[in-house]
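Working notes, structure below.
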Amino acid sequence: MGASLHNGSLTATSSGFWNTTPAAIPAGWIQTHTSLYTTGSMFVQCSSGGIATNNTGELVRANHKYTVSARLGGSSGNTATVKVYATQNADGTGNKVELVQVSRTGNSSDGYTLFMVSNTGASASTTVEGYFVQVVLATDGYYDDIVIYSQPDETLMPACCGDSDHPYPIGDLNFDCYVNWYDLWKFGDQWLAACAGPNWCDGADISHDSDVKFNDFAIFADHWLDCRDPQLPCGYSHP
């Protein structure tokens, strides 16, 4: 899905009931129950149990969190609800697992005003990797501007060199989380060079005093063989 999926704008070319006016059906959507209506303001009204689905064809990614936002409204007694599922098959058939939903309780005093709401679900399980994203208008209410996007769940991402818990050590001029001979070669290439920030002589001017000289070497030597790589053989663990 990349970063985002804009699949639910509910853009139709005409107002009218979906079951009698094909141009009133927004692209990609299917009416699974009757009584869906595209209004003159071009938002969709579900009533009398009208339900619609959009089988997007987008693949579900495991360990991603899915967010749905939409403009919702409706009369008192109704709660407009958008549900996002992972379905086993691209046509929406087979096993189905809910990824996220968002809703808003209707209020007749709001008239036909729609309000933006959003919600983020839990991480998608590895069991739904390769499933397909399905969007559902699940209940009576008013709907428009539905957008679904996903982002990696950083709490499940493996630790890596340079992340917040494994910052590059001082003197690591080639950014591999080790201070070793490769960095010494780079340091030597900049010896006695004059420079300024933000590059600071490719990092060799550790003291940031505009020259690469003995004080920088002293700092470099003090961190010789430091390692913050979370992977073996270093296996650094944040204290």
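The values are calculated or read from the model by the stated rules, or taken from the named source; none is laboratory data. Small disclaimer: the values here were computed from a predicted structure and weren't measured. Heads up, the Cβs are rebuilt from the backbone with ideal geometry, glycines too, and the neighbour counts pull from every protein chain shown.
Looking at segment 122-135, can you tell me whether even one residue there is of a type in the set (S, T, N, Q), over 23 Å from Thr39 (Cβ atoms) and surrounded by 15 or more Cβ atoms within 10 Å (Cβ to Cβ)? If you could, list the steps in order and put the result at the bottom.
Taking segment 122-135 and keeping what is of a type in the set (S, T, N, Q), we get 123, 125-127, 134.
Now narrow it down to the ones that are over 23 Å from Thr39 (Cβ atoms): 123, 125-127, 134.
Add one more test, that the residue is surrounded by 15 or more Cβ atoms within 10 Å (Cβ to Cβ), and what stays is 123, 134.
Yes.
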The listed residue being in contact with a helix residue (DSSP H, G or I) (Cβ under 7 Å, 6 or more places away or on another chain), free of Cβ contacts under 8 Å to residues at least 40 places away in the same chain and not charged (D, E, K, R), out of Phe187, Phe220, Phe214 = Phe187
Conditions: (1) within 30 Å of Thr155 (Cβ to Cβ); (2) crowded, with 16+ Cβ neighbours inside 10 Å. Gln31 meets all but one. Number of the miss?
-> (1)
So, of the residues in segment 68-89 that are more than 15 Å from Leu137 (Cα to Cα) and either out of contact with any Ser or Thr (no Cβ under 9 Å at 6 or more places or on another chain) or among the basic types (Lys, Arg) (or both), which turns out to be surrounded by the most Cβ atoms within 10 Å (Cβ to Cβ)?
-> Gln88
Selection count, segment 12-49, where residues are part of a loop (DSSP other than H, G, I, E, B), of a type in the set (Gly, Ala, Ser) and touching a helix residue (DSSP H, G or I) at 6+ places or on another chain (Cβ under 8 Å) = 3
Within segment 78-95, the residues that are part of a strand (DSSP E or B) and of a type in the set (D, E, K, R) are Lys83
Just name the residue that is surrounded by the fewest Cβ atoms within 10 Å (Cβ to Cβ) out of those in segment 153-208 that are under 19 Å from Trp224 (Cβ atoms) and among the aliphatic types (A, V, I, L, M).
-> Ile170
Among the residues of segment 174-186 satisfying the criterion of being in a helix (DSSP H, G or I) and touching a Phe, Trp or Tyr at 6+ places or on another chain (Cβ under 8 Å), which is nearest to Val82 (Cα to Cα)?
-> Asp183
Could you grab me the full set of residues in segment 55-67 that are in a strand (DSSP E or B) and surrounded by 23 or more Cβ atoms within 10 Å (Cβ to Cβ)?
-> Tyr66
Does Asp189 count as touching a strand residue (DSSP E or B) at 6+ places or on another chain (Cβ under 6 Å), farther than 19 Å from Pro169 by Cα and of a type outside the set (Phe, Trp, Tyr)?
-> no
Select from segment 98-121 the residues that are in contact (Cβ under 8 Å) with a residue 60 or more places away in the chain and surrounded by 14 or more Cβ atoms within 10 Å (Cβ to Cβ) and list them in ascending order.
-> Leu114
Of those in segment 141-173 that are in a strand (DSSP E or B) and aromatic (Phe, Trp, Tyr), the residue farthest from Lys65 (Cα to Cα) is Tyr142
Among the numbered criteria (1) out of contact with any Lys or Arg (no Cβ under 6 Å at 6 or more places or on another chain); (2) modelled with pLDDT of 85 or more, which single criterion is violated by Pro233?
-> (2)
